[in-house]
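Enquirer: For reference, the structure I am asking about is given below.
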Amino acid sequence: MPGTSRLIVIWAVALVSPVLAQERAKSPPPTIVTKTLVASQAQKECFSLNNRQRLHYQFRADGPLNFKLSHQDGKEVIDIRRNGANSAAGSFAPKKTVDHCLVWTNAGKQPVTLRYEFRRSSR
């Protein structure tokens, strides 16, 4: 029966929607930053990230930047790298609890305006 299928879908959405809204409400709002980087300048954002969390990030710039997500484990370990990028977005789940840093570097000669945001959520 076509009407029954539609009713089941509506019922399922009604049950799941409050759960999703509640999960989103638990998640802190993203950190949002806009900064202009002059030639050779870097912007670094460091934070603790545990193995039960996921990092969500995105950025946009009006010129190319070198971007990396890294952590220290005796030496620098680069988890994600994008060179010459104007934008990127993604998520990352660490294997263990350590401090991580998002770093953008302007390798060019002209100033570049960067807008980025990130947030941590549970997996």
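The values are calculated or read from the model by the stated rules, or taken from the named source; none is laboratory data. As the structure is a computational prediction, the values presented were derived from the model and not from experiment. Don't worry about glycine lacking a Cβ; one is built from the backbone with ideal geometry, like all the others, and counts go over all protein chains shown. Accessible surface is based on the protein model in full, side chains and every heavy atom, while ligands, DNA and RNA are left aside. Shrake-Rupley method; radii C 1.70, N 1.55, O 1.52, S 1.80 Å.
Enquirer: Across region 91-108, what is the total count of residues that are over 14 Å from Arg120 (Cα atoms), assigned to a strand (DSSP E or B) and not β-branched (Val, Ile, Thr)?
Expert: Within region 91-108, residues that are over 14 Å from Arg120 (Cα atoms), assigned to a strand (DSSP E or B) and not β-branched (Val, Ile, Thr) number 1.
Enquirer: Pull out all pairs, ordered by first then second residue, where Cβ-Cβ is under 8 Å, the residues are six or more apart or on different chains, the first lies in region 63-75 and is over 15 Å from Lys96 (Cα atoms), and the second is among the charged types (D, E, K, R) and open to solvent by 80 Å² or more (accessible area, probe 1.4 Å).
Expert: Close Cβ pairs satisfying both conditions: Asn66/Arg81; Asn66/Arg82; Phe67/Arg81; Phe67/Arg82; Lys68/Arg81; Lys68/Arg82.
Enquirer: When you look at Thr113, is it open to solvent by 20 Å² or more (accessible area, probe 1.4 Å), under 17 Å from Leu37 (Cα atoms) and of a type in the set (Val, Ile, Thr), yes or no?
Expert: The answer is yes for Thr113.
Enquirer: For region 101-108, indicate whether the set of residues that are more than 12 Å from the chain's Cα centre (by Cα), among the β-branched types (Val, Ile, Thr) and over 20 Å from Val33 (Cβ atoms) is non-empty.
Expert: Scanning region 101-108 turns up no residue that is more than 12 Å from the chain's Cα centre (by Cα), among the β-branched types (Val, Ile, Thr) and over 20 Å from Val33 (Cβ atoms).
Enquirer: Further question: Which residue pairs have Cβ atoms under 6 Å apart, sit 6 or more places apart or on different chains, and have a first residue in region 38-50 that is charged (D, E, K, R) and a second that is in a strand (DSSP E or B)?
Expert: Listed pairs, sorted by first residue: Lys44/Cys101; Lys44/Val103; Glu45/Leu102.
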